[in-house]
Amino acid sequence: MSVVERVAVGVFRPLGRFLALGRFLALPVLAVTLALTPGAPAGAQPIPGLAGNQTLPDAQAMANRQFVQAMESIKKADQSYDLQEQTKLLLQADKLLSNILVQSPESPLAVQLSTNQFVGDFDYNDFKSRIRSLACNDAQSTGCFLYRIEGLIQPVDYPITAPRWDWLSLAVAHYHLGDKERTKQIIAPFIAAFRRAPPVTDTGRDLFLGRALALTGEVDMALDITRRINDCSTRIYNLTDISQALIWKGDKGQAGKLVEEAAEYAQANNCAWELGLVAEGFYRAGNEARAHTMFLNTVEEQFSRFKDRKGNCCAPELAVAAGDLGDPNLALGLLRTVQQESPWTIPAVLGRLGARGEMQLATTYAEQVQDTDIKAETFVQLMADALKTGDRKQAEALSGRIDKLLSAGTDPKPLILAQRARADKLLFKDQRWRNTYLAGLSAAERSNSGDTQRKDIAVPMLAALVEIETGTPMLQ
């Protein structure tokens, strides 16, 4: 049987025995069946949740009609060699199936579709993935980039018990660059997991929800989740992350209040290790005097507390705060103590020093970094600093350093290519970065195949894409 015939058997259960008796063309019979389907019995009452004044039999009949039409569109698309016609037919089918969910939500078909049950041999989840892949009709479109990055991410294990910043990063990227409905589909299971077993003291048990929700416009929900967490690191990280999201939205007033809340929580709960985060939060919110005071007090306290523990002096966040608030040599000294365990601090600290005019110092330090991915990211950050001060010559010199990293060796360099794309966007302000990013994405797919899978590759690819498109480092 064709796909339409097989699906028809699943949809029209009362006809199942008759359909099994012999071969016939499904659509003419279905058309006749639909035409002869009796209307709602006299006196039937409309059912809440159905479109207009529909009764349940009306809804079922309409859903069945739309489903058969959708299957026929899919069949025609599968038989077409014309890309535009195929796309048009698949989008028609998607609209018909979406209409079933919206107009006839109480119908059996809607229930099957919304719960990802097979209807005959039709898999709605696979079909939606196929619809998303249509973005790749234009291989350099942002939608196609997001679709291909999703293929790099390991599937979610259910029940959800561990943080998955890769999936939540994808949700944030979709919110700002792609499909907001997709954002909700990704985040919803994590919200459900949190509500089933809300964390109390375990670090990170909010599953990164606070940050993801704040970056997708759900600040109140992010705060509700955050204030249920009684753990210094997670509570303060979330509050300062939400504060940063508000600053990007232009709400410095509310952002400052959240940093004050973080400071009060830190004081009440002896959260000494996280004070660098709070100091940096005050600085970003525009309260530089408070930021400097807290930073200096924290450095003095932590130096005295850990003076006999070489290499274990301070939190990495304190090194980052030093990039904005401390003496440059102090910032580099702190960076040396934390960069091995927290390599993300290298571009963060050096970028801040570059923004303060310490370009030569920061560039010299960056040249000594061994990790080429981190080195490339740092060069791009310093390029941005140089361009902000109008020093294009310095920016182009840093761009040349990235090219040298790319030309060294023959191994795939997806993350360096992603940073090259960021550099292209900074330098040229046009769309040529898409060619470079596409090359990086293809390299990422090659490096993520077979026995050479890199589980850490999707998030930095997303971070680069979001920063290129929005100008904001929200996933860094």
Among (1) assigned to a helix (DSSP H, G or I); (2) in contact (Cβ under 8 Å) with a residue 60 or more places away in the chain, the one test that A193 misses | (2)
Considering the range 362-387 alone, what residues qualify as being surrounded by fewer than 19 Cβ atoms within 10 Å (Cβ to Cβ) and within 17 Å of Q476 (Cβ to Cβ)?
-> D371
Filter pass, V369 being part of a loop (DSSP other than H, G, I, E, B), of a type in the set (V, I, T) and in contact with a helix residue (DSSP H, G or I) (Cβ under 6 Å, 6 or more places away or on another chain) = yes
Among what's in the range 218-249 and is outside any helix (DSSP H, G or I) and modelled with pLDDT under 95, pick the residue that is farthest from E280 (Cα to Cα).
-> R228
Among the residues listed as D157, D126, D94, the single one being outside any helix (DSSP H, G or I) and modelled with pLDDT under 90 = D157
Those helices (runs of 4 or more DSSP H) completely within the range 389-476 that have 1 or more residues that are touching an Asp or Glu at 6+ places or on another chain (Cβ under 7 Å) are 414-428, 433-447, 458-470
Within the range 185-203, considering residues that are surrounded by 15 or more Cβ atoms within 10 Å (Cβ to Cβ) and either out of contact with any helix residue (DSSP H, G or I) (no Cβ under 7 Å at 6 or more places or on another chain) or among the hydroxyl-bearing types (S, T, Y) (or both), the one modelled with the highest pLDDT | P189
Return yes or no: is A222 farther than 18 Å from L209 by Cα, aliphatic (A, V, I, L, M) and out of contact with any strand residue (DSSP E or B) (no Cβ under 9 Å at 6 or more places or on another chain)?
-> no
Kindly indicate which of A266, A255 is over 24 Å from D166 (Cβ atoms) and more than 24 Å from the chain's Cα centre (by Cα).
-> A266
Which of the residues that make up the range 97-117 are in contact (Cβ under 8 Å) with a residue 24 or more places away in the chain and part of a loop (DSSP other than H, G, I, E, B)?
-> S104, P105, E106, S107
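The values are calculated or read from the model by the stated rules, or taken from the named source; none is laboratory data. In this text, all values refer to a predicted model and were calculated from it rather than measured experimentally. Note that we place each Cβ from the backbone using ideal geometry, even for glycine, and neighbour counts take in every protein chain shown.
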